[in-house]
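Chemist: One structure coming up, written as structure tokens, with questions to follow.
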Amino acid sequence: ETGVTQTPRHLVMGMTNKKSLKCEQHLGHNAMYWYKQSAKKPLELMFVYNFKEQTENNSVPSRFSPECPNSSHLFLHLHTLQPEDSALYLCASSQDRHDRGFYGYTFGSGTRLTVV
Amino acid sequence: AQKVTQAQTEISVVEKEDVTLDCVYETRDTTYYLFWYKQPPSGELVFLIRRNSFDEQNEISGRYSWNFQKSTSSFNFTITASQVVDSAVYFCALSEVRGTNAGKSTFGDGTTLTVKP
């Protein structure tokens with residue numbers, strides 16, 4: 001039990017499908033993140049939410065649409081994806097980004113997405 | 001701009017060998033935090049250690065030890081008497097305290113460690 005729960009763990013979807021990834025934390029953290037990890041590539045930061053407000057979008061294609069209804073939940077809505085979007089999608093949370101006592105991230109186990 | 005370099009992409013050792021994973025960082029901030037995370041095959045990144053820029057004491061936790069040297073901007077990680085369960089991808093990360101990047105972690109590309117029986 002990591003404190004950050006991601007569902008589903010595995011997802012196979014066609015290019016015309018619409019699906020959503022879910023991330024949930026009850027650690028009292030105020031910042032949440034989506035990362036993409038492709039095979040043989042480094043972690044890529046996709047989105048950052050701080051107190052439910054999106055504070056960063058790292059030039060992510062519009063076929064990825066994040067949603068943060070409250071500080072405990074983060075979604076990543078997927079539509080018309082491409083095979084190259086197949087990757088491990090990791091959610092993380094942390095205390096307030098501007099807290100001087102920064103204790104790092106708590107990660108979920110990830111959703112392994114395969115686009116066919 | 002902050003940057004973390006893990007020059008070793010892959011390392012392979014035989015069980016019981018000692019192994020050191022290198023991490024070199026760049027930052028203009030005088031106050032920052034350094035981290036190591038472990039990513040086993042299951043996927044999640046597991047927090048291992050946090051070190052702030054004012055504390056250069058080396059730390060030991062069981063078979064793990066960390067060597068922080070500000071003079072060389074390095075934060076290296078040594079596993080003593082490695083075990084097969086240590087096989088994972090290890091990430092070094094840096095977080096600045098001030099500026100527009102405050103609180104956001106920059107990760108290295110990771111080092112894949114394989115420990116063979």
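Chemist: What is the one condition in (1) in contact with a Ser or Thr (Cβ under 8 Å, 6 or more places away or on another chain); (2) more than 29 Å from B:Thr5 (Cα to Cα) that A:Phe107 does not satisfy?
Modeler: Against the list (1) in contact with a Ser or Thr (Cβ under 8 Å, 6 or more places away or on another chain); (2) more than 29 Å from B:Thr5 (Cα to Cα), A:Phe107 comes up short only on (2).
Chemist: When the residues of the stretch B:41-59 are filtered to those that are free of Cβ contacts under 8 Å to residues at least 40 places away in the same chain and either acidic (Asp, Glu) or surrounded by fewer than 14 Cβ atoms within 10 Å (Cβ to Cβ) (or both), which remaining residue is nearest to A:Tyr105 (Cα to Cα)?
Modeler: Across the stretch B:41-59, the extreme among qualifying residues is B:Glu44.
Chemist: In the stretch B:67-88, how many residues are β-branched (Val, Ile, Thr) and closer than 14 Å to B:Phe35 by Cβ?
Modeler: Of the stretch B:67-88, the ones β-branched (Val, Ile, Thr) are B:72, B:78-80, B:84-85.
Adding the requirement that they be closer than 14 Å to B:Phe35 by Cβ leaves none.
Residues flagged as β-branched (Val, Ile, Thr) and closer than 14 Å to B:Phe35 by Cβ within the stretch B:67-88 amount to 0.
Each row is one residue, and each column tells you yes or no for (1) within 14 Å of another protein chain (Cβ to nearest Cβ); (2) within 13 Å of the chain's Cα centre (by Cα); (3) more than 23 Å from B:Lys38 (Cβ to Cβ).
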position	(1), (2), (3)
A:His10	yes, no, no
A:Asn30	yes, no, yes
A:Ala39	yes, no, no
A:Phe47	yes, yes, yes
A:Lys52	no, no, yes
A:Asn58	yes, yes, yes
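Chemist: State whether the residues of the stretch A:70-84 include one that is of a type in the set (A, V, I, L, M, F, W, C) and exposed (fewer than 13 other Cβ atoms within 10 Å of the Cβ). I'd like the intermediate steps shown before the answer.
Modeler: Of the residues in the stretch A:70-84, the ones of a type in the set (A, V, I, L, M, F, W, C) are A:74-76, A:78, A:81.
Still in the running and exposed (fewer than 13 other Cβ atoms within 10 Å of the Cβ): none.
Looking for residues that are of a type in the set (A, V, I, L, M, F, W, C) and exposed (fewer than 13 other Cβ atoms within 10 Å of the Cβ), one finds none in the stretch A:70-84, hence no.
Chemist: Taking the stretch A:4-22, which residues are farther than 14 Å from A:Ser65 by Cβ and of a type in the set (A, V, I, L, M, F, W, C)?
Modeler: The answer is A:Val4, A:Leu11, A:Val12, A:Met13, A:Met15.
Chemist: Those residues that are within 18 Å of B:Lys70 (Cα to Cα), under 13 Å from the mean Cα position of the chain (by Cα) and of a type in the set (S, T, N, Q), I need them from the stretch B:6-51; list them, please.
Modeler: Hits for the stretch B:6-51 are B:Gln6, B:Thr20.
Chemist: Another question, then. State which residue pairs qualify: first residue closer than 16 Å to A:Ser65 by Cβ and modelled with pLDDT of 95 or more and inside the stretch A:77-89, second residue aromatic (Phe, Trp, Tyr) and part of a strand (DSSP E or B) in any location, beta carbons under 7 Å apart, and separation of 6 or more residues or different chains.
Modeler: A:Leu78/A:Phe64; A:Tyr89/A:Trp34
Chemist: Only one residue in B:Lys38, B:Lys104 is surrounded by 14 or more Cβ atoms within 10 Å (Cβ to Cβ), free of Cβ contacts under 8 Å to residues at least 24 places away in the same chain and of a type outside the set (S, T, N, Q). Which one? Please lay out each step first, then the result.
Modeler: Working: B:Lys38 fails: free of Cβ contacts under 8 Å to residues at least 24 places away in the same chain.
After applying the criteria, what remains is B:Lys104.
Chemist: May I ask you to list the residues in the stretch A:93-116 that are of a type in the set (A, V, I, L, M, F, W, C) and either at pLDDT below 95 or surrounded by fewer than 16 Cβ atoms within 10 Å (Cβ to Cβ) (or both)? Explain how you work it out, then say what you get.
Modeler: So the first thing to find is which residues in the stretch A:93-116 are of a type in the set (A, V, I, L, M, F, W, C), and the list is A:102, A:107, A:113, A:115-116.
Correct list: A:Phe102, A:Phe107, A:Val116.
Chemist: Let me ask you something else. Going through the stretch B:60-101 one residue at a time, which ones are surrounded by fewer than 14 Cβ atoms within 10 Å (Cβ to Cβ) and not small (Gly, Ala, Ser)?
Modeler: Restricting attention to the stretch B:60-101, the residues satisfying the condition of being surrounded by fewer than 14 Cβ atoms within 10 Å (Cβ to Cβ) are B:60-63, B:69-72, B:81, B:83-85, B:99-100.
Listed by number, the residues that qualify are B:Ile60, B:Arg63, B:Gln69, B:Lys70, B:Thr72, B:Gln83, B:Val84, B:Val85, B:Thr100.
Chemist: Which strands (runs of 3 or more DSSP E) sit wholly inside the stretch A:27-94 and have at least 3 residues that are closer than 19 Å to B:Lys104 by Cα? Before you say what the answer is, go through the steps one by one.
Modeler: On the way: elements: A:31-37, A:43-50, A:53-57, A:64-70, A:73-79, A:87-94.
Strands (runs of 3 or more DSSP E) meeting the threshold: A:31-37, A:43-50, A:53-57, A:87-94.
Chemist: Does any residue of the stretch B:69-84 turn out to be more than 21 Å from A:Pro42 (Cα to Cα) and within 14 Å of chain A (Cβ to nearest Cβ)?
Modeler: No, there is no match, as no residue in the stretch B:69-84 is more than 21 Å from A:Pro42 (Cα to Cα) and within 14 Å of chain A (Cβ to nearest Cβ).
Chemist: Evaluate the following for B:Tyr25: is it assigned to a strand (DSSP E or B), within 14 Å of chain A (Cβ to nearest Cβ) and within 22 Å of B:Ala7 (Cα to Cα)? Break it down stepwise before answering.
Modeler: Working: assigned to a strand (DSSP E or B): yes; within 14 Å of chain A (Cβ to nearest Cβ): no; within 22 Å of B:Ala7 (Cα to Cα): yes.
No; evaluated as a whole, the condition is false for this residue.
The values are calculated or read from the model by the stated rules, or taken from the named source; none is laboratory data. Just so it is clear, the model here is predicted, and its values are computed rather than measured. Neighbour counts are summed over all protein chains in view; Cβ atoms, including those assigned to glycine, are modelled from backbone coordinates with ideal geometry.
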